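The next block holds one structure in the form of structure tokens; read it before the comments.
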Amino acid sequence: MPTRFVSAAVDFVATRTLRRLQERSWSEGVGGSSAGPSRPRTINWRARSIVRLVLLGALFMVVTTACLNGGADNSRAEYDHTSGPLSASSGLGGNSIQAPRVSPWFATFGGFVLCSRDESTEIVLKDVRTKSTLNPISTTPMLRFLSEGRIRRASPSDAERYLPFYTATGSPPTFRGRGRDWFPGDYSADISGTAIVETCESTGSTVTELSQGRPGGGALQELVLVLKVAERGARVRDLYIDYLADGSPATLHLTWAMVACGQQIQNRQLC
């Protein structure tokens, strides 16, 4: 909308509003007497400016609210862990990591094996978001990729290291007390645009075989979250994975608590 038109419209409304107020005041002042004051013909320009500012403020709030509501993607479908094209092989619950004697430190949470419930649906990741009740210093979502060939080349004695891991102190590829590449894989924070092609049936079979010491099956794509934690600790409550399903926006919402222990974590069962 042109600025000149908006300004003219506000001036018109301000003038009409002020004139109506003056006419009401004049009518009440007359009180039915023919000897009352004469009807005002001019506008108090100072009052008009005040009315104009009030109208501009109200218009700004309306436009801002409309923009904010318009910015939210109301067409985005949101699913929980039981439904939707994308699965993270996760249910309800959570886990925690004890704090080392250094600060700040890194806590890595994994176990979210991404897979497609329907192989005919094209799934492309867009973003990963979190909601926290005690904020970490920073949160870095990463993908751990294990190719089919890499898994098949693993020795049976190393099969456990190729399984999805749920917690680890440190950040990829070096984990505290475990050494470099203890959990092998290609780690990347470049998530947007990644296609999820493995079916849940395939990833489930791969994980089962690895847990039995028989490396085989297909590839694995595991989502991990790396938290940088201060002495107070951190608590992430919700995980949101935004993606496109055949071009349509969708979100997988996981209610999974990730607790990095610290001074402000009061739950002693966790810490």
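Quick notes on this structure:
- Residue tally, condition of a type in the set (Val, Ile, Thr) and within 21 Å of GLY216 (Cβ to Cβ), over segment 143-194: 1
- Against the criterion of being over 23 Å from the mean Cα position of the chain (by Cα) and not polar (S, T, N, Q), GLY233 does not qualify.
- Exactly one residue out of THR121, THR133, THR174 is within 17 Å of the chain's Cα centre (by Cα) and not aliphatic (A, V, I, L, M): that is THR133.
- A single member of ALA250, ALA257 is among the aliphatic types (A, V, I, L, M), within 19 Å of the chain's Cα centre (by Cα) and closer than 12 Å to GLU78 by Cα, and it is ALA250.
- Remark: pairs (first residue in segment 178-198, on the phi > 0 side of the Ramachandran plot and free of Cβ contacts under 8 Å to residues at least 60 places away in the same chain; second residue among the β-branched types (Val, Ile, Thr) and surrounded by 12 or more Cβ atoms within 10 Å (Cβ to Cβ); Cβ separation under 9 Å; 6+ apart in sequence or on different chains) = ASP181/THR174.
- Any hit, segment 162-171, residues being within 24 Å of the chain's Cα centre (by Cα), surrounded by 14 or more Cβ atoms within 10 Å (Cβ to Cβ) and on the phi > 0 side of the Ramachandran plot: yes
Every number here is computed from the coordinates shown, using simple stated rules; none is lab data. It should be emphasised that the depicted structure is a prediction, and the values quoted were computed from it without experimental measurement. Methodologically, a virtual Cβ is constructed for each residue, glycine included, from the backbone with ideal geometry; neighbour enumeration extends over all protein chains shown.
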